[in-house]
1. So for region 200-293, what percent of the C-alpha to C-alpha distances run longer than 17 Å?
2. Past the 25 Å Cα-Cα mark, which pairs from Lys246/Lys286; Lys207/Lys332; Lys240/Lys319; Lys248/Lys415; Lys265/Lys286?
3. Give the separation of the Cα centroids, region 20-64 to region 128-163, in Å.
4. Hey, rough spin-label estimate for Leu301 and Met272, points 7 angstrom out along Cα→Cβ, what's it come to in nanometres?
5. How many angstrom separate the Cα center of region 323-346 from the Cα center of region 351-430?
6. Per residue, how much accessible area does region 333-401 show when a 1.4 Å probe rolls over the protein heavy atoms, in square angstrom?
7. How compact and how long is region 198-243, expressed as Rg and Dmax of its alpha-carbon atoms in Å?
8. Find the Cα radius of gyration of region 316-410, compare it with 2.2 N^0.38 Å by division, and give the number to two decimals.
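The values are calculated or read from the model by the stated rules, or taken from the named source; none is laboratory data. In this text the structure is predicted, and so the values were computed from the model without any measurement. Here Cβ is always computed from backbone atoms with ideal geometry, including for glycine, and neighbour counts include all displayed protein chains. Remember, those area values only see protein heavy atoms, side chains included, never the ligands or the DNA or RNA. Shrake-Rupley method; radii C 1.70, N 1.55, O 1.52, S 1.80 Å.
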Amino acid sequence: MASVEMLMPKMGESIIEGTILNWLKKEGESIEQDESVLEVATDKVDTEVPSTHAGVLKKILVKEGDVVAVGAPVAIIETEGEIASSAALIDVKVSNPKEELLAAAPENTASLVSANSSPSEKISDDRFYSPLVQSIAKEEGISKSELSKIPGTGKDGRVTKQDMLSYLETRKSDTNHIKPVNSISEPKVQISISASDEIIEMDRMRKMIAQRMIDSKRISAHVTSFVEADMTNIVLWREKNKAAYKSKFGESITYTPFFVEAISKAIRDFPMINISIDGDKIIKKKDINIGMAVALPSGNLIVPVIKRADQLNLVGISKQVNDLANRARNNKLSADDLSGGTYTVSNVGSFGNVLGTPIIMQPQVAIMAVGAIVKKPAVVETPTGDVIAIRHKMFLSHSYDHRVVDGSLGGMFVKRVADYLEAFDLNTSL
């Protein structure tokens, strides 16, 4: 018999920790390799973590609600026979799990984790505070009473690392400003409630969305430009080819791939849209990764990302769009599917809306909303003069961060997207 540590796996770019939501197996139970053992929540997605080995779950090292760094041990599995790597062998008697958590954390995380803080330590209220949160509070000089007033978006209102970073950003501009506990925004508005009203508790994802939207409006100076595009060529091509497309590829083609393709081309023309801000520095992104907002059956919103969209043709983009949308609606997305976005598109037209003013996805600096495609009479230039014809029209709404994107760039970009949509070739082959 041998024992091996099960470690918190890497769950996507930039994710350095996760919150233990639920253990699916109990100590003493047998587990198969790749069988789901626990559920973990990150700031991007909830996911199940499979076992790395077959055997018996000998010891659970972290409790539900604990925040654990990527690479830290979460359980001990007793296996049959020898372990291939001697480095995986451990002493079942864990003498100091706090030190092991610190040692296993990534280098950029370990400095924030206090080895003297117990994972179950509380400060002054009834909320759990992870060692990472406590360490940030100590380094930033946040008192216990001040910490207790920071709203938490984690499970049971717990304060996450992102909550701390968001609070510190606000604290810099107003050192006397403190948010009320469990409040999404400030100032708090008094609500009158009657006996016939229904009180609905926000779920974890809705709290997270609410906090991020407020953070984005506070961080970015939002400006929106509008352009109307003639979608007639795309509408006619899709109507002509959608049956053949489904027969050939086994799935439908929506309008979203056309939007993603046009946006990708426009970003190549205007690369300063594909940036992020880091303090007083501008980070110009090499990859063009387009996020697409997907409405979930629960009513919440999630944004999976099409990686390097500019390197895909229309069919390749369509396959990515369908795959990500289907997995989003069936809660099958991984954290990596949601990370790395450099620009986002939101199809408000799918709800019958003709216009929208979307909020930027941080740390991006721009987002585009596409409205409903509507038949309209329009003036069309012909060799024999102008005529009025029925055309398929759609509004594009481009919200951008005026700190780094001026009106000229923001306006030219959305116009270029419209130009690419209007110039779609009716003779494009599948």
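1. Details: 3124 of 4371 pairs.
Cα-Cα pairs of region 200-293 separated by over 17 Å account for 71 percent.
2. Numbers: Lys246/Lys286 33 Å; Lys207/Lys332 21 Å; Lys240/Lys319 19 Å; Lys248/Lys415 33 Å; Lys265/Lys286 14 Å.
Cα-Cα > 25 Å for Lys246/Lys286; Lys248/Lys415; rest within.
3. Measuring centre to centre over Cα atoms gives 26 Å.
4. Label at Leu301, label at Met272, 2.8 nm between them.
5. Spelled out, the Cα-based centre of one part sits 24 Å from the other.
6. On the way: 3030 Å² over 69 residues.
I get 44 Å² per residue for this part.
7. My reading of the Cα-based Rg and Dmax gives 19.8, 49 Å.
8. Details: Rg = 17.7 Å, N = 95, 2.2 N^0.38 = 12.4 Å.
Relative to the rule-of-thumb radius for its length, region 316-410 sits at 1.43.
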